[in-house]
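Student: Below is one structure. I have some questions about it.
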Amino acid sequence: MTAPQLYVAGDIHYAGGSHPILAWLDELAQRPPARLVLLGDVVEWWVDSGGCCARYAPLLDRLRALRARRWTLDIVRGNRELIAGRRFAVASGARLHWPRLELALGGRRIRIEHGDRLLDDPLYRGWSALARSLPFRVWSSLHPPALQEAVARWLRRHSAGRRPGRRIRLDPRRLAASARGVDALLFGHIHACWRRQLGACECILVGDWPAGEGRWVEGYADGRLAPRRRRWP
Ligand SMILES: [Mn+2]
């Protein structure tokens, strides 16, 4: 069997220190160069600052090591990286995308997005638009990092997805719209894994990285996509 040409993972929520993602990236570095797409919520990047670079150095260093080994790296920004910019791109060695990335694999058109925009949640979409707006970015850049962090924490606490008792629900119309015109749609955000056929489109919810476990999707030269999971001791 030939080696995968594409790896897709997301919702790692790396907070520094040891984590299975580090072992996985070390393994990838031993494999033939391919394309790695991280579909968002890799880390929490609320301020595009050197502080974030230092905190996530074990992960960022490994990404740049893959790049040095001729891997192609892409990160589709998730809701935890809404305001990530040039510093994140430089520190990770990845090309940043938003709101989605499209690529071809074995003649199939594949769309990859974080998944937050597929939810039935107008309140969240409002906050997402605000965080990406120019006034918010300018305001952020004028205030000291500690204050930015505090505001980010407050906003996060009040963002709809985190409110206890509130269920995350996919919006079928948004999902159908995203699945239109492509052969496969890969997304995350919702911490679950499944694969469903939606018309002509193969929809894959890639899954997250809970304690000691990793989920990702491998793509092969013939266009085949294979969900994988593994536990690390
Ligand atoms: Mn998310």
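The values are calculated or read from the model by the stated rules, or taken from the named source; none is laboratory data. All values derive from a computational prediction rather than experimental measurement. So basically every Cβ, Gly included, is an ideal-geometry build from the backbone, and we count neighbours across all protein chains shown. These area figures cover heavy atoms from the full protein model, side chains too; ligands, DNA and RNA do not enter into them. Shrake-Rupley method; radii C 1.70, N 1.55, O 1.52, S 1.80 Å.
Student: Using the Karplus curve 6.51 cos²θ - 1.76 cosθ + 1.60 with θ = phi - 60°, what ³J(HN,Hα) values do you get for each residue of the stretch 224-229, in whole Hz, with x for Gly and Pro?
Tutor: Per residue, the Karplus-derived 3J(HN,Hα) values read 5, 10, 10, x, 10, 8 Hz.
Student: Let me ask something additional. How large is the helix-only mean residue ellipticity at 222 nm for the chain, computed as the sum of -39500 (n - 2.57) over DSSP H runs with n ≥ 4, divided by its residue count, in deg cm²/dmol to the nearest 500? Don't jump to the answer; show the numbers that get you there.
Tutor: Details: 8 runs with 77 residues, N = 233.
Computed mean residue ellipticity for the chain: -9500 deg cm²/dmol.
Student: Shifting gears a bit: Counting heavy atoms of the protein chains only and a 1.4 Å probe, report the per residue accessible area for the chain as a whole number of Å². Write down the numbers at each step before the final one.
Tutor: Working: 11010 Å² over 233 residues.
Heavy-atom SASA per residue in the chain reads 47 Å².
Student: Got the relative contact order for the stretch 6-231 handy, in percent, Cα pairs under 8 Å and 6 or more residues apart? Before the final figure, lay out the partial values.
Tutor: On the way: 434 pairs, mean separation 52.2, N = 226.
The value is 23 percent.
Student: Related question: Based on Cβ point charges of +1 for Lys and Arg and -1 for Asp and Glu, what charge dipole magnitude is obtained for the stretch 6-231 about its Cα centre, in debye rounded to the nearest 20? Walk me through the numbers on the way to the answer.
Tutor: Values: 40 positive and 22 negative charges, 45 e Å.
Dipole size: approximately 220 debye.
Student: Work through the residues other than Arg62 whose Cβ is under 13 Å from its Cβ and net out their charges, Lys, Arg +1 and Asp, Glu -1.
Tutor: Numbers: positive: Arg64, Arg67, Arg69; negative: Asp26, Glu27, Asp61.
For residues surrounding Arg62, the net value is 0.
Student: Quick check: pseudo-label points 7 Å beyond the Cα along Cα→Cβ at Arg231 and Arg195, how many nm apart are they?
Tutor: Roughly 2.2 nm, to one decimal.
Student: Could you tell me the calculated FRET efficiency between Arg125 and Ala177, based on Cβ-Cβ distance and R0 = 22 angstrom, to the nearest 0.05? Working shown, then result.
Tutor: Values: r = 14 Å, r/R0 = 0.64.
For R0 = 22 Å, the calculated efficiency reads 0.95.
Student: In the stretch 6-231, what percent of the accessible surface is made up of carbon and sulfur (1.4 Å probe, ligands and nucleic acids excluded)? Walk me through the numbers on the way to the answer.
Tutor: Values: 5550 of 10360 Å².
Exposed carbon and sulfur together represent 54 percent of the surface.
Student: Mind pulling up the Rg/Rh value for the chain? Radius of gyration and Kirkwood radius, both on Cα. Walk me through the numbers on the way to the answer.
Tutor: Values: Rg = 17.3 Å, Rh = 18.2 Å.
Rg/Rh: 0.95.
Student: On to the next question. Can you tell me the FRET efficiency between Ser141 and Ala104 if r is taken as the Cβ-Cβ distance and R0 is 35 Å, rounded to the nearest 0.05? Please list the in-between numbers first.
Tutor: On the way: r = 37 Å, r/R0 = 1.06.
Efficiency computed from Cβ-Cβ geometry: 0.40.
Student: Continuing with the same structure: On full extension of the chain, what length is gained from Ala65 through Arg132, given 0.36 nm per residue of separation minus the C-alpha to C-alpha distance? Let's see the in-between values first.
Tutor: Details: separation 67, 0.36 × 67 = 24.12 nm, distance 2.97 nm.
Contour length minus the Cα-Cα distance gives 21.2 nm.
Student: Treat each spin label as a single point 7 Å out from the Cα along the C-beta direction, and report the Arg95 to Thr2 distance in nm.
Tutor: Inter-label distance under the simple model: 2.1 nm.
Student: How would you rank 91-100, 75-84, 41-50, 61-70, highest first, on the average number of other Cβ atoms within 10 Å across their residues?
Tutor: 75-84, 41-50, 91-100, 61-70
Student: Another question, if that's okay. For Leu205, what charge total do you get from the other residues with a beta carbon under 11 Å from its beta carbon, if Lys and Arg give +1 and Asp and Glu give -1? Please list the in-between numbers first.
Tutor: On the way: positive: Arg195, Arg196, Arg215; negative: Asp11, Asp208.
Net local charge, Leu205 excluded: +1.
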